[in-house]
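Reviewing the structure listed below.
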Amino acid sequence: MSARPAASPALSGAAFATLLLIALMMGANHVAARLAFNHGVDVATAVTFRSGITACVVAALLVLQQVPWRLSARHRRALPAIAALVGVQSLCLYSAVARLPVALALLAFNTYPLWTALWARIVYQHRPEPRLLRAMPVMLLGLALALDVLGAASGLGAAGQWGRIGVGVAFALAAAATFGLALVLTQHEAGDLDGRLRTATTMGGVALMALAGMAWQGGPHLPDAAAGWWGLAALTFLYGTAFTIMFTLLPRLGVVGNSAIMNVEPVFALVLAWALLGQAIAPVQVAGGLLVVATVVWLGLRKA
C-alpha cells in the first residue's frame, strides 16, 4: 500500500488566479458552444474543431519541450480506450449543452466523481472512500434541486419537466459516466505517462472520432450566421488556450494536476449563459447548483 500523500502546499495568489481563469475559460467554452449550436453548428463539427486544434497545440508543446514519445505496451493498449471514452464524453456533453441550459448540463456532468467511484469498484474492486459516501446524497439532492426534477419551479410538473430536459440530462449523465471510467483507466493504466503526451494522444483520438462522425453525416455543419462563427471560433480558442495554460503555467506555479478550484466552472457558465444567452434558472435551482459545486470542491480538496 502506498504511503499517504503529504499535504499539498497552499496555493499562491498567482496559482489560484490561474485556476480560476481556466475554470472561466472552460465555462465560457460551453457557452460559446451553445451559441454555435444555436446558429447551425452540430456537435460533431464542434468537437472536431475543438479537439483537433487542441491536439495540434499540445503536440507542438511536446516538440518544443522535447518530451520523448515513448509508449509501453500497456500504454498502447490503454490509450485508444481512454481516447474513445473521452470522445464519447465530449460528444455527449456537447449534446447536453445543445439541449439544456449550459449550467444545468455542466452540473449534471459534475456527478462524475460518483461514477469514478462506481467504476473503480466494478473494474478494480476499490472500496469508495467514506467521504464520498457521505457526499453522495448531498450531491444528488443538489442535482435534484438544480434540475427541478418535480417541475415545481417551472410549473410543468414532473412529467412535463422531464419531457423537456430528459434527453439532455441523459446525455450529461452519459458524459459523466464515460468520463469517470476514463479517469479510472487513466489512473491505473496510464497514470505514469507524461500528462502532456497522454493529453495529446487523447485529444488526437477524440478528433479522429469526431471527424469520422462528421464525415458519416455528410461533412461539417458550419454556422449559418456570423454569431455561429464567433461561437465556433471562441469555443476552439477558449478550450485550446485553457489546455495550453494547464500544461505551461500550472507546473511552474507548483500546481500538480487538476485542482478542485476548477470545479466552479458551472458557476461561471451560469453567469455567462445568463448574460450572453439570456438563460435563467429559478433561485432554488441556483441553490441546488451551488450545493453540487460545493460538494465537488469539498471532495476535490480531500487530500489537501
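Here is how the numbers come out for the structure above:
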| read-out | value |
| --- | --- |
| Those residues of segment 195-233 which are outside any helix (DSSP H, G or I) and under 21 Å from Val86 (Cα atoms), in sequence order | Gln217, Pro220 |
| Members of segment 243-262 found to be at pLDDT 80 or above and either crowded, with 20+ Cβ neighbours inside 10 Å or under 22 Å from Ser154 (Cα atoms) (or both), listed by number | Phe243 |
| Selection within segment 63-82 - in contact with a Leu (Cβ under 8 Å, 6 or more places away or on another chain) and assigned to a helix (DSSP H, G or I) | His75, Ala78, Leu79, Ala81, Ile82 |
| Any pair with Cβ under 6 angstrom, 6 or more apart, that starts in segment 274-299 at a residue that is surrounded by fewer than 16 Cβ atoms within 10 Å (Cβ to Cβ) and ends at one that is not in a helix (DSSP H, G or I) | Ala282/Ala153; Val284/Ala153 |
| Any pair with Cβ under 9 angstrom, 6 or more apart, that starts in segment 104-128 at a residue that is touching a residue at least 24 places away in the same chain (Cβ under 8 Å) and closer than 23 Å to Ile261 by Cα and ends at one that is in a helix (DSSP H, G or I) and of a type in the set (D, E, K, R) | Ala105/Arg34; Ala105/Arg99; Leu106/Glu265; Asn110/Glu265 |
| Index of the failed condition, Asp192 passing every other in (1) part of a helix (DSSP H, G or I); (2) at pLDDT below 90 | (1) |
| Test: residue in segment 20-42 that is at pLDDT below 90 and open to solvent by less than 10 Å² (accessible area, probe 1.4 Å) | yes |
| Residue check, Arg99 within 30 Å of Ala275 (Cα to Cα), touching a residue at least 60 places away in the same chain (Cβ under 8 Å) and open to solvent by 20 Å² or more (accessible area, probe 1.4 Å) | yes |
| Contacts under 7 angstrom Cβ, first residue in segment 137-152 being part of a loop (DSSP other than H, G, I, E, B), partner hydrophobic (A, V, I, L, M, F, W, C) and open to solvent by less than 80 Å² (accessible area, probe 1.4 Å), 6 or more apart | Asp148/Ala282; Val149/Ala158; Leu150/Ala158; Gly151/Ala158 |
| Residue check for Val297: among the β-branched types (Val, Ile, Thr), within 18 Å of Arg134 (Cα to Cα), part of a helix (DSSP H, G or I) and at pLDDT below 90 | yes |
| For Val67: the one exception among (1) at pLDDT 85 or above; (2) touching an Asp or Glu at 6+ places or on another chain (Cβ under 7 Å) | (1) |
| Some residue of segment 148-157 being open to solvent by 10 Å² or more (accessible area, probe 1.4 Å), at pLDDT 90 or above and farther than 30 Å from Leu61 by Cβ | yes |
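Per-residue answers, yes or no, for (1) hydrophobic (A, V, I, L, M, F, W, C); (2) open to solvent by less than 50 Å² (accessible area, probe 1.4 Å); (3) closer than 20 Å to Asn110 by Cα:
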{"position": "Val169", "(1), (2), (3)": "yes, yes, yes"}
{"position": "Ala174", "(1), (2), (3)": "yes, yes, yes"}
{"position": "Met209", "(1), (2), (3)": "yes, no, no"}
{"position": "Pro223", "(1), (2), (3)": "no, yes, no"}
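The values are calculated or read from the model by the stated rules, or taken from the named source; none is laboratory data. It should be emphasised that the depicted structure is a prediction, and the values quoted were computed from it without experimental measurement. Don't worry about glycine lacking a Cβ; one is built from the backbone with ideal geometry, like all the others, and counts go over all protein chains shown. Note: accessible area is taken over every heavy atom of the protein model, side chains too, but ligands, DNA and RNA are not part of it. Shrake-Rupley method; radii C 1.70, N 1.55, O 1.52, S 1.80 Å.
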